[in-house]
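As structure tokens, the structure follows; a few thoughts come after it.
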Amino acid sequence: MFFEQLSGNLVQGLILGSVYGMATMGLSLIFGVLQVVNVGHGAFIMVGAFTALILFQSLGVPPILAIPVALLIGMCLGMIFYYGAVKPLVSPSGAGIRKVGRRQLGKAAGVFVAVMIAMRILSGVLDLNIAFSIFIAIILMYAFLVYVYGGRRQEKGPELATLLVTFSLGVILEEVVKQIFTSEARGYNWDLGKLDLGFTVLPFTKILASGGSLTVAVLLYLWFNKTRAGMAMRSVVEDSVGARVCGVNVDWQYALSFSLGIGLTVTSGVLLTMFIPVGINPYMGGGYTLKAFVIAVLGGLASPYGAFFGGVVFGLLENGSYTLLAALPGGEPFALTRFFSFVMLLVILLIRPTGLLRRKG
Amino acid sequence: MLKVENLQSGYGPMQVLWGPDIQVKPGTVTSLLGPNGAGKSTLLWTILGAVRPWEGKIFFEGEDVTFEPTHKKADRGLVMVPEGKHLFKEMTVYENLLMGAYRKGAQEEREANLELVYSLFPILSERRTQRAGFLSGGQQQMVTIGRALMARPRLLMMDEPSQGLAPKIVMEIFETVEKLKEEIGLTILLVEQNASASLEAADYVYVMHEGVIMAEGTPEEIEASHEIKEAYLGI
């Protein structure tokens, strides 16, 4: 009975893990190329989840076919956000020499956060429409701030500013979606039947989600290693100065990889809803952001394949530990799994601080 | 081939170049000497377009390319071997060389240029499947030069190619520079700390100090001037 449950959970963990992995690849890609940690990661997953939900409920599009739509939406969002917000903070200026302007950016970021917190409070207190117009005003103000203070380009902008900006982008997305769809949790029901393995039952939608993740990961791998465009992006990850002297348009590669990273993240939102088709709400991303960070660190942070691998490991740990913890008397297994996953993270980081896949040095 | 007039640039509010004028004639090795912090690297990066010029003009083969972005200049054959190698360490030697031929124009001549690089540096042919990060310092420098040659350069700008290498390897690098000039007829703009070796390799020399050109002339002329040698070159 115990082993049946354990193997069942491990199989579930394996296929959920591949979706987790896919959900982290975008984060790793953006970090690898731009050295920006996308703190708003979860919000983009949420956008993907809503894409799948809306397409399925109002147009009857099966979620698996929502993947290319989500990729496209994500890439467009990525481009808009890159040029609108991220570029002034990260755009490389030549020979790897940092320009000044830190203090101004710090100030801009400070104002920005204050405004965001105010926005959160206001949208809770005031009438929705008023909150929305305030929100629009804030976007304008934000655009102003970034351009006035961030106008001077600089190499690898101050990390704090990029954290705040990506965090804010996430909040803005969440608020927009909340204005349109309210904060009520939604779900959809796409039933394709189930596969009975004897020790566990797998719905075909989950298997499709896992297969879809694997396909995207393999395509990304092939693109990175076999095509000229992919090689160019890889070269920027490895050495942006080297890429520049090879004639790679580094500024464009920055934009492209941010856009692709967001595209992958939004896509993963679709796949995640195929796994868990309920609880779709504007604030659903937070938990995934946290998991994605753990997974990215497991996989070595800057490598998208490492992230995929880390995702699988994380899925196995999370689901495997559930069985073990459930066997403990008096335990609350669901709450403890998260604890267990993070403990495992600590242990792995103690043994291999560079992540599971990273070579030393 | 390359003409730089009154070029000014810098980083943020800090001006580094204060209007140097230099000229590189086709088929020659032109050497740029000067102490650390003289602005030599900044001059190269500004010529390449990675640092934006504030004032002045850059002409390449008669055309004004002052504000052209780096990747467009690569199409013209303006190629750089950057200081500190900047190899793709996780890629193989072969992949590094392929990246050198990234631009469309260079792709057409990829096979021929690969032959050329392998004949100049036979060791790279032997090591082609190895990761570049595992090579010795001298071999890594060969990959960097090879990668630049893959871009079918017309003007090759080399920034400190002998930096951090053993004396024997330094000799080899300078021999390579001469070979590139003699055998392929490549035009080279060489920035070096190693003054005596680059005086030997150069056809014409500029001495730079604090962002301006302090002296210029043939290597013999520079060699003959005690003041220049003592004040700026430390030999």
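The values are calculated or read from the model by the stated rules, or taken from the named source; none is laboratory data. Bear in mind the structure is a predicted one, so any value in this text is a computation, not a measurement. Here the Cβ positions follow ideal geometry from the backbone for every residue, glycine too, while neighbour counts run over all protein chains shown. Surface areas here come from the heavy atoms of the whole protein model, side chains and all, with no ligands, DNA or RNA. Shrake-Rupley method; radii C 1.70, N 1.55, O 1.52, S 1.80 Å.
Details
- All conditions but one from (1) among the hydrophobic types (A, V, I, L, M, F, W, C); (2) over 21 Å from B:ALA195 (Cα atoms); (3) over 14 Å from the mean Cα position of the chain (by Cα) apply to B:LEU48; the one that does not is (3).
- Qualifying position, being part of a loop (DSSP other than H, G, I, E, B) and not basic (Lys, Arg), among A:VAL39, A:VAL33: A:VAL39
- Output for region A:262-294, where each listed residue is at pLDDT below 90, touching a Phe, Trp or Tyr at 6+ places or on another chain (Cβ under 7 Å) and among the aliphatic types (A, V, I, L, M): A:VAL294
- Every residue from region B:18-40 that is within 14 Å of chain A (Cβ to nearest Cβ), farther than 16 Å from B:LEU2 by Cβ and either at pLDDT 95 or above or surrounded by 14 or more Cβ atoms within 10 Å (Cβ to Cβ) (or both): B:GLY39
- Restricting A:VAL278, A:VAL236, A:VAL266, A:VAL270 to residues that are surrounded by fewer than 23 Cβ atoms within 10 Å (Cβ to Cβ) and in contact (Cβ under 8 Å) with a residue 40 or more places away in the chain narrows the list to A:VAL278.
- Within the span defined as region A:196-204, every residue fails to be open to solvent by less than 50 Å² (accessible area, probe 1.4 Å), assigned to a helix (DSSP H, G or I) and either touching a Leu at 6+ places or on another chain (Cβ under 6 Å) or more than 30 Å from A:ILE280 (Cα to Cα) (or both).
- Scan of region B:70-116 for residues that are under 11 Å from B:ALA132 (Cβ atoms), facing chain A (nearest Cβ under 7 Å) and either of a type in the set (Ser, Thr, Tyr) or within 19 Å of the chain's Cα centre (by Cα) (or both), ordered by number: B:HIS86, B:LEU87, B:PHE88, B:MET99
- The residue that is most open to solvent (accessible area, probe 1.4 Å), counting only those in region A:75-116 that are modelled with pLDDT of 90 or more and farther than 24 Å from A:ALA243 by Cβ, is A:ILE80.
- Qualifying positions in region B:50-69 - within 8 Å of another protein chain (Cβ to nearest Cβ) and of a type outside the set (A, V, I, L, M): B:ARG52, B:PRO69
- Selection count where residues are farther than 17 Å from B:LYS89 by Cβ and either of a type in the set (S, T, N, Q) or facing chain B (nearest Cβ under 7 Å) (or both), scope region A:229-250: 2
- Filter result for B:SER9 (of a type in the set (Gly, Ala, Ser), out of contact with any Lys or Arg (no Cβ under 9 Å at 6 or more places or on another chain) and crowded, with 20+ Cβ neighbours inside 10 Å): no
- Which listed residue is more than 27 Å from B:THR70 (Cα to Cα) and open to solvent by 40 Å² or more (accessible area, probe 1.4 Å), from B:GLU175, B:GLU109: B:GLU175
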